[in-house]
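Here's the structure we're looking at; comments come further down.
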Amino acid sequence: MKAVFREPFFLFGLVVRLMLIGFAVPWTQQSWFVPFMASFVAHPTIDPWGEFLRQGGDRLAFPYGPIMLLAYLPGSLVGEMARGALGLAQAPFIGFGLCSLGLELMLFWAMIRLSKMDAKRLLVPLWLSPMAVYICYWHGQTDIVPIVLLVVSLLALRNHRAAIGGVLLGLGIAAKLSMFLSVPFIAVYLWRNARQRILFVPFGRGLIATVALSTVLCIMLPGFREMVLGSREFHKVYSAAVELGGQARVFVLPLAYSLVLYAAWRVERTSFDLFLAFIGLGFFTVLLLTPASTGWYLWVLPFVVFTQLRCGVATASLGAAFGGVFVLTNALFASGASIPVMGINLQSAELSAADPHCMLLHSALLSIQCVLGALFCLQMITHGVARSDYFRLSRKPIVVGIAGDSGAGKDTLASAIAQLFGEECVTSISGDDYHRWDRHAPMWRVLTHLDPRANELARFARDVGEALDGKRLVTRRYDHATGRFFREQRNSKNDVVIVSGLHALFVPAVAKRLDLSIFLDMAEELRTHLKVKRDVGERGRDVQGVLANIAKRQPDADKFIRPQVAKADIVFSLGVSDSRDVESCVRDSRYRLDVLFRNGVPSDSIVRTLIGLCGMQVDTDLVEGSGTVKVTIEGDVSPEDISMAARPVAQGMEELLAREPQWQPGMLGVMQFISLLQINDSLQTRITHVY
């Protein structure tokens with residue numbers, strides 16, 4: 001950030017602003033804002049609006065809330081003191097302009113954080129924006145205050161500081177009530193995204209409390225009601241209407257705004273970029289369908305810049321053309337500023353709207369401006385959708401299949417992967433729920449659970465398909481502790497579907513719809529040790545019975561379970577460093593993980609990461625004639641190291657992963673890491689095929 005202050009573009013923009021602040025006197029400030037602030041400085045009161053009106057002031061002078069007053073109070077106070085002490089008539093305007101400059105620098109800082117881009121890239125579209133310079137320093141408007149508060153609020157929301165975000169937006173609304181236009185879009189974004197829903201309540205509390213304390217109390221003041229709530233700007237909302245005959249009319253702006261909001265609601269998976277685009281579209285709707293005041297155009301500037309930064313030259317040029325036509329139109333038909341030291345007065349130099357030729361020119365420029373704005377809105381939404389991996393999941397969620405023998409750790413791995421995406425965003429379909437009979441049924445004397453005939457695989461495949469289509473599933477759940485079934489309703493329309501079970505890759509209809517297929521294997525001595533420990537300790541069975549059951553199931557495992565290895569993208573084979581002392585290896589976490597990659601996964605990068613960041617021992621081997629890469633991993637690793645290793649991928653999938661992904665230690669964490677890399681690769685392949 002400090003380096004950008006030495007950039008020529010930044011210095012040029014700063015000099016232009018300082019020159020305008022030092023010498024220009026905008027009509028709006030001379031006629032409205034500065035006299036109002038001077039009145040408050042001279043006569044501090046709880047109702048500055050009423051006091052100003054009692055002094056005969058213009059009721060149009062300050063139609064803003066208390067936060068706007070506080071934002072410009074420091075500069076106004078210093079300016080009035082300098083005028084009284086030094087006799088410098090320009091001092092109040094300099095103080096007022098310096099406040100705008102400080103706020104604009106704050107906007108520049110917030111946009112750097114929000115866009116996550118190099119500050120130099122914002123110099124031309126934001127810092128050198130003719131719209132910002134014209135509105136703040138030549139026309140002299142104050143809309144920089146609420147828009148800064150809105151952008152900083154969005155930044156806090158992105159950083160999951162919901163309460164602070166709500167307070168900041170509440171302050172923005174207290175500065176200018178029109179910032180409330182963003183609230184419905186924020187509410188839709190938080191509520192419709194399961195990962196963000198936890199932020200809904202704290203954000204709402206902060207917002208409501210701040211608005212109540214800073215605005216609602218002011219409603220009791222007569223001056224506030226007359227100048228702020230009675231402002232003529234409110235009536236612009238109803239200026240565009242379609243006559244239906246008689247006295248009936250349809251107001252266009254509320255209708256169009258409602259349609260944009262409904263479109264935001266209908267998008268089931270909204271990324272943060274797409275969310276910002278919808279807020280910008282909501283503001284653009286107001287600008288394009290009302291006789292908008294000059295300052296209102298500052299509302300869309302952050303969203304225009306945000307889109308320009310992420311799109312190509314054509315979209316950036318379109319945004320620049322919109323800004324250029326706006327400045328030209330307002331320079332010709334809106335009030336400007338005077339430069340007293342040079343004897344120049346352009347405060348009322350606007351062309352006469354009564355002249356037919358001027359009216360035609362004004363209408364033509366406004367039409368061009370509306371066309372450019374509408375085209376930019378289209379680009380804004382199209383770009384937001386095109387860049388959103390999260391939005392594409394509304395067509396098909398990520399689907400992971402995990403197969404393996406009994407006791408291989410399928411449920412453990414499924415739960416670990418779910419913890420990366422957030423349990424609230426994952427639909428888990430377990431093959432155990434599709435056993436035909438409970439544990440106490442006599443049929444188990446004839447068949448084992450591994451036999452496909454003992455499972456309702458047709459219903460299993462149908463439920464997987466319905467989950468991928470976003471339908472709600474109501475199915476019975478199998479309780480391993482009691483061996484009985486009970487009913488549970490699962491959520492639908494989630495971002496990730498995890499299918500696990502003995503036959504997860506057995507049914508072709510299921511296997512072909514998976515983005516990632518995993519076969520989980522385990523060294524027989526380790527599997528036997530863990531299965532005995534689990535079934536005896538957790539399920540109350542005797543050791544001999546468990547061993548007999550393993551032996552009974554082995555033929556079916558070889559016949560029905562092992563062949564699924566051929567359908568897996570990844571095969572995880574977990575073993576121990578010393579097969580002669582399994583119990584000691586388990587106790588000391590001395591595991592060995594063999595990983596087979598079938599689809600050309602970049603194993604070199606995985607090897608470098610596991611060795612460099614995680615300090616593990618890794619060997620690779622190419623299985624001759626198969627194109628399969630085998631990676632053998634030994635050692636131990638902490639969740640923190642795994643999290644650091646996965647950070648580059650996690651940053652690219654931030655809309656998909658949980659707010660705080662839960663990484664596991666040891667080999668389970670390694671399997672999480674490798675699975676995430678494969679999921680990301682599969683998702684990018686899907687995107688490439690679609691677009």
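A short reminder: the numbers here are calculations on the coordinates, not readings from a lab. Nothing here was measured: the structure is a model prediction, and the numbers come from that model. Positions of Cβ are generated from backbone atoms using ideal geometry, with glycine treated the same way; all protein chains shown enter the neighbour counts.
Cα axis of helix 144-158 to longest principal axis of the chain: angle in degrees, 0 to 90, nearest 10?
Taking the Cα atoms of the chain, the angle to 144-158 is about 10 degrees.
If I stretch the segment between His160 and Met117 completely, what's the gain in nm (0.36 nm per residue apart, minus their alpha carbon distance), one decimal?
13.6 nm
Calculated FRET efficiency, Cys358 and Leu60, Cβ-Cβ r, R0 30 Å, to nearest 0.05?
0.80
Measure nothing fancy, just the Cα-based angle from helix 666-690's long axis to the longest principal axis of the chain, in degrees from 0 to 90, nearest 10.
60 degrees
Report ³J(HN,Hα) in whole Hz for each residue of the stretch 99-116, in order, from the Karplus equation J = 6.51 cos²θ - 1.76 cosθ + 1.60 where θ = phi - 60°; Gly and Pro get x.
Result, ordered by residue: 4, 4, 5, x, 5, 5, 5, 5, 4, 4, 5, 5, 5, 4, 5, 6, 7, 6 Hz.
If each residue of separation counts as 0.36 nm, what is the full-extension length gain between Asp558 and Ile219 once their alpha-carbon separation is subtracted?
114.3 nm
Pairing the Cα long axis of helix 543-556 with the longest principal axis of the chain, what angle in degrees results, from 0 to 90 and rounded to the nearest 10?
With rounding to tens, the tilt is 90 degrees.
Can you work out D for the stretch 393-690 in µm² s⁻¹ from Stokes-Einstein, where Rh is the Kirkwood radius over C-alpha pairs, the temperature is 37 °C and the viscosity is 0.692 mPa s?
Estimated diffusion coefficient is 165 µm²/s.
Give me the distance in nm between label points sitting 7 Å out from Cα along the Cα-to-Cβ direction at Ser239 and Arg647, one decimal.
5.1 nm
From Cα coordinates alone, what are the radius of gyration and Dmax values for the stretch 83-131 in angstrom?
15.2, 46
Quick one: length gained pulling Arg534 to Arg659 fully straight, 0.36 nm per residue minus the C-alpha distance?
Result: 41.8 nm gained on full extension.
So who's got an amide H within less than 5 Å of the one on Ala241, skipping anything under 5 residues away but keeping other chains? H placed 1.01 Å off N, in plane.
Those lying under 5 Å, H to H, from Ala241 are Val252.
So for the pair Leu375, His43, with labels modelled 7 Å out along Cα→Cβ, what separation do we get in nm?
It works out to 5.2 nm between the two label points.
Report, to two decimal places, the Cα Rg of the stretch 394-493 normalised by 2.2 N^0.38 Å (N = number of residues).
Normalised by 2.2 N^0.38 Å, the Cα Rg of the stretch 394-493 equals 1.12.
Go through Lys2/Lys236; Lys236/Lys471; Lys396/Lys552; Lys116/Lys567; Lys531/Lys630 and tell me which ones have a Cα-Cα distance over 32 Å in this structure.
Table pairs above 32 Å Cα-Cα are Lys2/Lys236; Lys236/Lys471; Lys396/Lys552; Lys116/Lys567.
Which FRET efficiency, nearest 0.05, do Gln247 and Arg477 yield, Cβ-Cβ r, R0 56 Å?
After rounding to 0.05, the efficiency reads 0.40.
Hey, what do the phi angles of the stretch 134-139 turn into as Karplus ³J(HN,Hα) couplings, whole Hz, using 6.51/-1.76/1.60 and θ = phi - 60°, x for Gly and Pro?
Taking θ as phi minus 60°, the curve returns 5, 5, 7, 10, 9, 7 Hz for the stretch 134-139.
Calculate, axis by axis, the spread of Cα positions in the chain along the three principal axes, and write the results as whole Å, longest axis first.
101, 63, 47
Whose amide H sits under 5 Å from the amide H of Lys176, counting only residues 5 or more places off or on another chain, with H placed in the peptide plane?
Amide H to amide H, under 5 Å and 5 or more residues apart or across chains, Lys176 pairs with Gly65.
If you take the C-alpha gyration tensor of the stretch 1-137, multiply each eigenvalue by 5 and take the square root, what semi-axes do you get, largest first, in whole Å?
Working through the eigenvalues yields semi-axes of 31, 16, 13 Å.
Using a 7 Å offset from the Cα along the Cα-to-Cβ direction at both Asp411 and Leu547, what is the distance between the two label points in nm, to one decimal?
2.5 nm
Using only the alpha carbons of the stretch 3-391, what is the convex hull's orientation-averaged projected area in square nanometres?
21.1 nm²
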